[in-house]
Amino acid sequence: DVLVINTESRALTPDDARQKVLTALHPFCGNADQPVVYKKIDSTFRGNVGAEIEAAMQASGAQLALVAAAIPAAGRTTFQGQCRVFDVPLTETEYASDPKTPILSSHIRTLIEAQTRIPVYELDLAVVRSGKLVERLAALGHQERGIVVIDAVQESALALLAQSLPHLTTSLLLVGAAGFANALPAESYLSDRQ
């Protein structure tokens, strides 16, 4: 029911990472049996996140990429569009000085926009908790293709996002770390068995 493809592209150039993702998804996308695509990323945004999201959107035909990289149980959260580790901005943590993939900003939108021309939007925690999440995502889905960074400081925010998915008609690319994946309902990825 789940196929995992490791592209090992974190330390590649953005162009090489983009091509690896396109090549990996090509056999599975663009047909009637296209699966739900979940683009796993590093919760501290190391690597070629923008380039790989763009490639996965291109391969899957997604209108919106929903980016929820928080893992609250591990202290990784997104608040006001910023990646935080135990409430410390990402650029002030040891992840910022990663020798292969250094981090230049705590602002997720800035990191993604450095590698793609697809517009990047942000939905803050107030929107996630407002009861209008589906409405806001649907409105964004009727615009041009876009990437949406979604705040989450607790698992409940990830659960609200996961619960909104069945109500959206826009073609989606799900992007995140283990936190968002764990919040997805089983019907998102399991087939009915007779």
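Readers should treat all values here as calculations from the given coordinates under stated rules, not as data from a laboratory. Note that the structure is a prediction, hence the values are computed from the model and not measured. We place every Cβ from the backbone using ideal geometry, glycine too, and count neighbours over all the protein chains shown.
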| query | When you scan the stretch 165-185, how many residues do you find that are surrounded by fewer than 19 Cβ atoms within 10 Å (Cβ to Cβ) and either under 12 Å from the mean Cα position of the chain (by Cα) or among the polar types (S, T, N, Q) (or both)? | reply | 6
| Does Ala177 meet the test of being without any contact (Cβ under 8 Å) to a residue 24 or more places away in the chain and among the small types (Gly, Ala, Ser)? | no
| Residue that is touching a strand residue (DSSP E or B) at 6+ places or on another chain (Cβ under 9 Å) and among the hydroxyl-bearing types (Ser, Thr, Tyr), where the choices are Thr101, Thr78 | Thr78
| query | With Ser60, Ser9 as the choices, which residue is of a type outside the set (Val, Ile, Thr) and farther than 29 Å from Ala159 by Cβ? | reply | Ser9
| Within the stretch 25-52, which residues are in a helix (DSSP H, G or I) and surrounded by fewer than 19 Cβ atoms within 10 Å (Cβ to Cβ)? | His26, Pro27, Phe28
| note | Within the stretch 53-110, the count of residues that are free of Cβ contacts under 8 Å to residues at least 12 places away in the same chain and part of a helix (DSSP H, G or I) comes to 4
